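Below you'll find the structure, written out as structure tokens, and then a few comments.
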Amino acid sequence: MQTYVKGSKITGTGHYAPERILTNADLEKMVDTSDEWIVSRTGIRERRIAAPEQACSDLAHNAARAALEDAGVKAEELEAIVVGTVTGDMQFPSTGCIVQSMLGATNAAAFDLNAACSGFVYSVSTVHAMIASGQMKKALVIGVDLLSKIVDWEDRTTCVLFGDAAGAVVLEACDRGEGILGTYTRSDGSLAELLYVKAGGSRRPVSAETVAEREHFLRMKGDGVFKYAVRAMEDAANRVLDSAGLTLNDVDLLIPHQANIRIIDAVAKRLELPKERVVVNIDRYGNTSSGTIPLALDEAIRAGRVNKGDVVLMVTFGGGLTWGSILLRHT
Ligand code: UT7
């Protein structure tokens, strides 16, 4: 158990996914792929794609409004807004600041956190520590990505995998031992070349040359990420359970990062959790990066799959590489 003066609990959840649905049949017309390959290798049947005029803050704002309403919290009550994303509206200011303005959260600090697909888990872990240390009482965490804006739509090895979505949670102070029972975060930057966008930062600023070389698009060595992901997620699950003095028998629901149904199945098998205790929605959304876990959490709660007192285990991994977990007793 981490030594904090307070605890923090999730008091509201919300999500937003763009209206436009891109099916595997649509992709068959765009690149050399097939519905059969995509479903059998990934479990994805369709994904949501943001409209050209929609940016990160638009999706985040919609999810945030839903979470605030669910929690019965007014925007002015928030003391922090943290957005886990790698597809912010622009380099700076942060999307957190843009959302802060959209919400009218006049008393909140705001920033973004870059941990790729682990952005939501890292952000909750950070905000949990801020609340549990007594620094603040109410905050908003958003996991959001629009990878459709940075995938190479001519690269069949990546463009079939990703979708756009946002999920949000309101975190509020509570007694220690309630709500979030533990978090765990880790990284291994020596594996950065498995998943990255080469150009657009200070190492390789955007230029006519980088655009011609298509270096502003996401690149991934999928098999390398796959191998690492299963082991990392299993480890993150066990470590957060150990830190809270619980075991897998105590877990009512596993919410894994939705990157590939074969990864999800492999993790569930290693953890010996039956299918009915694992949340899967990758078939409808694809991999929405930082959006997957808060989106799945919100859907599971609204579908009545999470009851008061249930223990929910969330595990993730992503570019960096980064990985981590959250253990929650739902209140
Ligand atoms: O959120 C974290 C981000 N990343 C991930 O989680 C990704 C983790 N990795 C994966 O999910 C899988 O590795 C992929 C789904 C990306 C790929 O599955 P795989 O079973 O590892 O396939 P592969 O990369 O080994 O490719 C097998 C074959 C290749 O053809 P050859 O070289 O054997 O002739 C690919 O060119 O499948 C081909 N292929 C495709 N075929 C049809 C790759 N993409 C496609 C495609 N449609 N979209």
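Keeping to segment 55-69, report how many residues are in contact with a Ser or Thr (Cβ under 6 Å, 6 or more places away or on another chain) and over 18 Å from Leu146 (Cβ atoms).
So the answer is 1.
Return the pair list, or none, for Cβ contacts closer than 9 Å from residues in segment 60-78 that are under 16 Å from Glu172 (Cβ atoms) and in the same structural domain as Ala50 (by TED's automatic domain parsing) to residues that are assigned to a helix (DSSP H, G or I) and of a type in the set (S, T, N, Q), at least 6 apart or on different chains.
Ala75/Gln100; Leu78/Gln100
Let's see how each residue does on (1) more than 16 Å from the ligand (Cβ to nearest atom); (2) under 17 Å from Thr42 (Cβ atoms); (3) touching a residue at least 12 places away in the same chain (Cβ under 8 Å); (4) in a loop (DSSP other than H, G, I, E, B):
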| site | (1), (2), (3), (4) |
| --- | --- |
| Arg231 | no, no, no, no |
| Leu254 | yes, no, yes, no |
| Asp265 | no, yes, no, no |
| Asp283 | no, yes, yes, no |
| Pro294 | no, no, yes, no |
| Leu297 | yes, no, yes, no |
| Asn307 | yes, no, yes, yes |
| Leu313 | yes, no, yes, no |
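Please determine, by comparing only the residues of segment 1-41 that are near the ligand (Cβ under 9 Å from one of its atoms) and surrounded by 19 or more Cβ atoms within 10 Å (Cβ to Cβ), which one is nearest to Leu171 (Cα to Cα).
Ile38
Check off (1) polar (S, T, N, Q); (2) part of a helix (DSSP H, G or I); (3) within 16 Å of the ligand (Cβ to nearest atom) for Ser243 and give me the number that stays unchecked.
(3)
More than 15 Å from the chain's Cα centre (by Cα) and assigned by TED's automatic domain parsing to the domain that holds Leu22: is that true of Ile98 in this structure?
Yes, satisfied.
For segment 111-213, list the strands (runs of 3 or more DSSP E) that sit wholly inside it and hold at least 3 residues that are touching a residue at least 40 places away in the same chain (Cβ under 8 Å) and outside the structural domain of Ser57 (by TED's automatic domain parsing); which are they?
Counting at least 3 such residues, we get 180-187, 195-197.
Return the only residue of Gly84, Gly96 being small (Gly, Ala, Ser), closer than 27 Å to Leu321 by Cβ and within 16 Å of the ligand (Cβ to nearest atom).
When all the criteria are applied, what remains is Gly84.
Just one of Ile44, Ile81 is outside any strand (DSSP E or B), crowded, with 19+ Cβ neighbours inside 10 Å, in contact (Cβ under 8 Å) with a residue 24 or more places away in the chain and not assigned by TED's automatic domain parsing to the domain that holds Asp265; which is it?
Ile44
Look through segment 267-279, keep the residues that are within 19 Å of Trp323 (Cβ to Cβ) and either of a type outside the set (Lys, Arg) or not assigned by TED's automatic domain parsing to the domain that holds Gly224 (or both), and return whichever of them is farthest from the ligand (Cβ to nearest atom).
Checked segment 267-279; the qualifying residue farthest from the ligand (Cβ to nearest atom) is Leu273.
The values are calculated or read from the model by the stated rules, or taken from the named source; none is laboratory data. Because the structure is predicted, anything quoted here is derived from the model rather than measured. Neighbour counts run over all protein chains shown; Cβ positions are idealised from the backbone, glycine included.
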